[in-house]
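The values are calculated or read from the model by the stated rules, or taken from the named source; none is laboratory data. The model shown is predicted, which means the values in this text are computed figures rather than measured ones. Glycine also receives a Cβ, built like all others from the backbone with ideal geometry; neighbour counts cover every protein chain displayed.
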């Protein structure tokens, strides 16, 4: 089994995220060695970075970029008691493997990891040790994920309330300094409302239907590495609280459809948190029909 090591750094550069010019912060490195794969599959074992023990109940997302370059979830799994997962019968092409965990023990202690992203993983690969690193929160680590929530409003032409289903995603950017980052979908934990339905009511702004949402996500920068069959090097954030960015995306669908049909059909709310107070803008969809 390959060796894993790291050395924290004290200062990190901003990297642009989409057109927002915001950033991801990078850390240092470790190595994971891949074992012989199964046919047309991507499998692996998720472990605690500090102890090397398997992590049960971790969320593993298999993602590929859409036409806009945003990673969308193709498959999802939860790790078994031995930390293992497997995606089988995959189509050709590279995939990004996105992993995170927030697990509460029988004694009531919650342990939450930063998201770990393994980029450009081909089918027929086994990742033997995907590391999960404890998150860092403001002002001190509590073990609980951060909750990002706000209000969504939808209205039709002429300012009349229109009910719609709104699908919400938390995005973060990963990649080396000086390059365009890969924008990945981050796993959301128990208590999240990734889909909300707006409805007219007295609490809504005039002429709108509305709903509140909340996404529980890691309170940290992501760990990431680009797959290498000889050993994947993961960049790990520093061991102290820092600012980090989420991009909250909402996509509005009227009448339960799958084609966004509001103007604009998708909206983004950038959220910087960590050592700074978080401000989360509302998402307002108009022209829905």
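Within region 47-64, can you find the residues that are within 13 Å of residue 114 (Cα to Cα) and outside any loop (DSSP other than H, G, I, E, B)?
Within region 47-64, 47, 48, 59, 60 meet the criteria.
What's the number of the condition residue 61 fails, among (1) at pLDDT 95 or above; (2) within 15 Å of residue 232 (Cβ to Cβ)?
(2)
Among the residues in region 238-259, are any at pLDDT 90 or above, within 30 Å of residue 179 (Cβ to Cβ) and more than 20 Å from the chain's Cα centre (by Cα)?
no
What number of residues within region 180-198 satisfy the criterion of being more than 20 Å from residue 67 (Cβ to Cβ) and under 20 Å from the mean Cα position of the chain (by Cα)?
So in region 180-198, the residues more than 20 Å from residue 67 (Cβ to Cβ) come out as 186-198.
Next cut, under 20 Å from the mean Cα position of the chain (by Cα) only: 186-196.
Number satisfying all stated conditions: 11.
From the residues in region 68-91 that are assigned to a loop (DSSP other than H, G, I, E, B) and touching a residue at least 40 places away in the same chain (Cβ under 8 Å), which one is nearest to residue 184 (Cα to Cα)?
First, pick out the residues of region 68-91 that are assigned to a loop (DSSP other than H, G, I, E, B): 68-69, 79-83, 88-91.
Narrowing further to those that are touching a residue at least 40 places away in the same chain (Cβ under 8 Å): 69, 88-90.
Numbers: 69: 9, 88: 21, 89: 22, 90: 19 Å.
If we take residues in region 68-91 being assigned to a loop (DSSP other than H, G, I, E, B) and touching a residue at least 40 places away in the same chain (Cβ under 8 Å), then 69 is nearest to residue 184 (Cα to Cα).
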